[in-house]
Amino acid sequence: MSGAVDREVKVTARAFLPVGLSLALSWLITLLSRGAEISYPTPIITPIEEPEPTTPPTEALSTPAPYLNMLIVLGLITASSLVMLYLARKRKNVFRILTGILIWLISFGVTVIYLINIAMALNWMLLRFWLLAGALTASLITYLMLRGGGLIISIPAAYIASGAGATIGMSIPYWTFIVLLLGISAYDAFAVYRGHLSTLSKEEAISLKGLTVEVDDIVIGLGDLFFYSLAVSAIFRYMGVAPAIAATISILVGYSITLLLLRRRHMLPGLPIPLLLAMGSALVVNLILNIPLISSQP
């Protein structure tokens, strides 16, 4: 998950569109789910039951559950990224087909989730069109992701990443979320500096059509947008509006810092600075306002 790739990075307002749109859409689906009081099941990728969010940190973090869940998630990310990178380099046709199928399925699921939220808020009759709406939207998103270019690709990328990220954020266990944010930040840094992404050139990053977003001189991984959305949604769920606002601003600040640092480096991980700033600011606001953690689904 590279944050961006280039030596001569120009920081413009256009560079913030993918991130800004992803954050805005993650707020939208989170607020819709909150208003409709939808309860999301725990993701299958975090199957180990952990203590309640209200459990004291020393007790909760001394249990193996959050760490095991984190290792499962990181293992899946590592395996999938290695496979996709191999296919992109050695089996380009297979890579395109597989990427298209994955984008279509994720887009379909995200659209259905949006439709359920809107139907619960407005009219249940809207669910009659779930199959048609899901199929048409998924087909359009897939076409734009694989055939589109320039700034326009930011829209479908943000739609996919925010929908998937916010959904996971509203369902991921609290302590797993805390540990995962630290773990994925460390993993991203290792992957970019020493791991499989360290050999990735800008041309190869751009060629990963469907998995990256290119805006001017910057290439952003779809995984970065996913975790930004996940972080804001999870913080909203467990800590409330004020910490989530602080986290959103911090992600934008962290992203800005990353872009500025890219002027001196060929590649930088896109997750550590924004995510660590987001979590730190959310915890500070939570402590200042003395907001109790929410232990139940919205």
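Is at least one residue of region 147-159 within 19 Å of residue 19 (Cα to Cα), of a type in the set (Phe, Trp, Tyr) and either surrounded by 14 or more Cβ atoms within 10 Å (Cβ to Cβ) or within 17 Å of the chain's Cα centre (by Cα) (or both)? Checking region 147-159: at least one residue is within 19 Å of residue 19 (Cα to Cα), of a type in the set (Phe, Trp, Tyr) and either surrounded by 14 or more Cβ atoms within 10 Å (Cβ to Cβ) or within 17 Å of the chain's Cα centre (by Cα) (or both).
Only one of these is without any contact (Cβ under 8 Å) to a residue 60 or more places away in the chain and out of contact with any Cys (no Cβ under 8 Å at 6 or more places or on another chain): 280, 210, 223, 270. Name it.
280
Residue-level analysis places residue 287 outside the set of residues that are touching a residue at least 40 places away in the same chain (Cβ under 8 Å), of a type in the set (A, V, I, L, M, F, W, C), closer than 16 Å to residue 178 by Cα and surrounded by fewer than 21 Cβ atoms within 10 Å (Cβ to Cβ). Only one of the listed residues (41, 18) is surrounded by fewer than 18 Cβ atoms within 10 Å (Cβ to Cβ), more than 20 Å from residue 187 (Cβ to Cβ) and in contact with a Ser or Thr (Cβ under 8 Å, 6 or more places away or on another chain). That residue is 41. Selection of region 97-111 for residues being out of contact with any Ser or Thr (no Cβ under 9 Å at 6 or more places or on another chain) and over 11 Å from residue 211 (Cβ atoms) yields 97, 105, 106.
Of the numbered criteria (1) surrounded by fewer than 16 Cβ atoms within 10 Å (Cβ to Cβ); (2) aliphatic (A, V, I, L, M); (3) more than 21 Å from residue 244 (Cα to Cα), the one residue 24 fails is (3). Would you say residue 44 is touching a Leu at 6+ places or on another chain (Cβ under 6 Å) and outside any helix (DSSP H, G or I)? Taking the combined requirement at face value, the residue does not satisfy it.
For every residue, the table says whether it meets (1) of a type in the set (D, E, K, R); (2) surrounded by fewer than 20 Cβ atoms within 10 Å (Cβ to Cβ); (3) modelled with pLDDT of 90 or more.
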{"residue": "176", "(1), (2), (3)": "no, no, yes"}
{"residue": "181", "(1), (2), (3)": "no, no, yes"}
{"residue": "192", "(1), (2), (3)": "no, no, no"}
{"residue": "197", "(1), (2), (3)": "no, no, no"}
{"residue": "207", "(1), (2), (3)": "no, yes, no"}
{"residue": "211", "(1), (2), (3)": "no, no, no"}
{"residue": "223", "(1), (2), (3)": "no, no, yes"}
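Taking the criterion of being more than 20 Å from residue 22 (Cβ to Cβ) and either touching a residue at least 40 places away in the same chain (Cβ under 8 Å) or surrounded by 14 or more Cβ atoms within 10 Å (Cβ to Cβ) (or both), the residues of region 116-138 that qualify are 116, 119, 120, 121, 126, 127, 130, 133, 134, 135. Of (1) under 19 Å from the mean Cα position of the chain (by Cα); (2) without any contact (Cβ under 8 Å) to a residue 60 or more places away in the chain; (3) under 20 Å from residue 39 (Cα atoms), residue 177 satisfies all except one. Which? (2) is the only condition that residue 177 fails. If you go through region 85-102 and pick out every residue that is more than 21 Å from residue 159 (Cα to Cα) and assigned to a helix (DSSP H, G or I), you end up with 10. Can you tell me which residue within region 226-278, out of those that are of a type in the set (S, T, N, Q) and at pLDDT below 95, is surrounded by the most Cβ atoms within 10 Å (Cβ to Cβ)? So the residue we want is 258. The listed residues are 132, 105, and the only one of them that is modelled with pLDDT under 95 and assigned to a helix (DSSP H, G or I) turns out to be 132. Listed here are the helices (runs of 4 or more DSSP H) enclosed by region 168-287 that have at least 3 residues being within 28 Å of residue 42 (Cβ to Cβ): 174-193, 222-239, 241-261.
The values are calculated or read from the model by the stated rules, or taken from the named source; none is laboratory data. What you see is a predicted model; the values in this text were computed from it and never measured. Heads up, the Cβs are rebuilt from the backbone with ideal geometry, glycines too, and the neighbour counts pull from every protein chain shown.
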